[in-house]
Amino acid sequence: MQFQPKKYYYLINFQYLGYRFHGWQKQPNVKTLHLMVDRTLNYILEGKYFKTLVSGRTDAMVSAENATFELFLQHEIEDLDAFLELFNYNLPQDIRALAIKEVDAKFNIINHPKSKEYLYLFTYGKKCHPFCAPIMTTILDDLNIEIMKEGAKLFEGEHYLKAYCYKPTDKGIYTRIIETCELVENTIYTANYFPDKTYILRVRGKGFMRNQIRLMMGTLFDLGKGKLTLDDIKTSLRPDNTVKMNFIAPAPGLILNKVDFL
């Protein structure tokens, strides 16, 4: 009978600025978040076996305020605080671990998220300080913010969202529930080089399709510019809709804000 080593499971909350990364998932010849996290873990674990699995992986240039990955080990971490400190000491400065806790084998980081919340930070009207670029999108055209607020609310509830999926197939599940979709003035992120007024689209739901939120944001931008109407958005959410929304809002404004688990 072959001996099976005991396994240990840890949940690590972390945050990152995604501007210089090609998303979470490892890819050949590019710098990704998964690559940097695993490279750091390999160094501090001194080559011992480990595996990492993320909840809510992000695309290129997308950031996270509070993301989560699971760390699988064949040895126990005796001092969690010391491990977290060592991990942070060796991570690049645009990635920071926030917390670590042990979970059991029944925990499933893929199936157990109850909801995910994303923010999209933007402003409009004039060119911003270049330091804004990593986390905020600037639309140089004028925007009607009030009608955009009305448009955001149309996404709340259960809708057919095929128009808001990048390269959809005939096998996808497109009827989904969006718990919250609201456009509000930004009071979360501040800097002395920010413009006077900035805005956030807050979207919350169990899960999202590829580029879904950026397509929703792009649609709201077109609404604010007068290129679309509220009726156009209502039509796009119907099961018989055949129109594809094409404006994918730029990635740097998108932030994974938090993941809540069951």
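The values are calculated or read from the model by the stated rules, or taken from the named source; none is laboratory data. Being a predicted model, the structure only gives us computed values, none of them experimental. With ideal geometry, Cβ positions are generated from the backbone for all residues, glycine too; neighbour counts draw on all protein chains shown. With ligands, DNA and RNA removed, areas are computed over all heavy atoms of the protein, side chains included. Shrake-Rupley method; radii C 1.70, N 1.55, O 1.52, S 1.80 Å.
Key figures for this structure:
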quantity: Residue order for Lys234, Lys116 - accessible surface, 1.4 angstrom probe, largest first; calculated: Lys234, Lys116
quantity: Nearest-0.05 FRET efficiency for Phe247 and Ala99, computed from C-beta distance (R0 25 Å); calculated: 0.10
quantity: For the chain, built as a Gaussian network whose Cα springs stay under 10 Å, the top-fluctuating residue of Asp170, Asp240, Asp141; calculated: Asp170
quantity: Hull volume in cubic angstrom per residue (convex hull over the Cα atoms of region 6-69); calculated: 91 Å³
quantity: Considering only region 48-198, percent of DSSP beta bridges that pair antiparallel, nearest 5; calculated: 75 percent
quantity: Principal semi-axes in Å for the chain [√(5λ), Cα gyration tensor, largest first]; calculated: 36, 22, 15
quantity: Stretchable slack from Ile173 to Phe72, in nm (0.36 nm times residue separation minus alpha-carbon distance); calculated: 33.3 nm
quantity: 31 Å Cα-Cα threshold exceeded, pairs from Lys106/Lys149; Lys7/Lys114; Lys101/Lys162; calculated: Lys106/Lys149; Lys101/Lys162
quantity: Max mean-square fluctuation residue, GNM over the chain, Cα-Cα springs under 10 Å, options Glu102, Glu46, Glu117; calculated: Glu46
quantity: Of all accessible heavy-atom area on the chain, the percent that carbon and sulfur account for (1.4 Å); calculated: 49 percent
quantity: Accessible area expressed per residue, region 18-98, with surrounding protein chains retained (probe 1.4 Å, Å²); calculated: 55 Å²
